[in-house]
Amino acid sequence: MQEIQQEVDTYINQFKEGYFTPLAMMARLTEEMGELAREINHYYGEKPKKNTEEEKTIEQEIGDIFFVLVCLANSLDVDLDDAFKLVMDKFQTRDKDRWTKIENIKGESNK
């Protein structure tokens with residue numbers, strides 16, 4: 001993640017404007033989430049695209065969200081490697097028995 005954060009930082013820092021404010025990026029993140037929701041609705045829901053709508057992919061929308069999230073993390077000096085470790089620790093401790101584990105042939109839970 002550090003390479004990704006550095007690549008985004010290098011890109012953003014070539015512009016005088018730099019990073020937007022955290023509130024502006026939160027609004028942008030919300031906007032991008034809406035666009036992802038719309039794409040998922042087109043592919044998996046009951047609302048097909050209009051012929052006049054631009055073709056976007058779920059992959060493209062997830063990429064947009066990821067970019068904005070990295071910008072937000074960078075602007076707040078959040079190390080995404082650390083953030084990911086924190087959340088995985090939470091899932092592996094507090095939530096370790098929350099979901100039904102898949103049993104393998106020998107009856108042992110998969111890790």
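Only the coordinates and a few stated rules stand behind these numbers; no lab work does. Please read these numbers as outputs of a predicted model, since none were measured by experiment. In this analysis, Cβ positions are derived from the backbone assuming ideal geometry, glycine residues included, and neighbour counts consider all displayed protein chains.
Miscellaneous remarks
- For the chain, the membrane-span-like helix rule (DSSP H, alpha carbon extent of at least 24 Å along the helix axis, mean Kyte-Doolittle at least -0.5) picks out 22-44, 58-75; this says nothing about an actual membrane.
- Span from the the stretch 1-47 Cα centroid across to the the stretch 68-88 one, whole angstrom: 14
- The chain - charge dipole about Cα centre, Lys and Arg +1 at Cβ, Asp and Glu -1, debye rounded to 20: 540
- Modelled spin-label separation between residue 11 and residue 31, with each label point placed 7 Å from Cα along the Cα-to-Cβ direction: 1.6 nm.
- The alpha-carbon of residue 16 sits under 18 angstrom from the alpha-carbons of these aspartates and glutamates, leaving out residues fewer than 8 places away in its chain: 7.
- Positive dipole terminus of the stretch 2-82, leading residue within 12, 2, 27 (C-beta point charges): 27
- 14 Å Cα-Cα reach of residue 56 towards aspartates and glutamates, excluding residues that sit fewer than 8 places from it in its own chain: 32, 35, 39, 64
- Each of the peptides 5-17, 59-71 was scored by the mean count of other Cβ atoms within 10 Å over its residues; in descending order, highest first, they stand as 59-71, 5-17.
- Within the set [x] 59, 42, 22; [y] 59, 22, 16; [z] 68, 29, 23, the number that Cα extents along the principal axes in Å takes when calculated for this structure is listed as [x].
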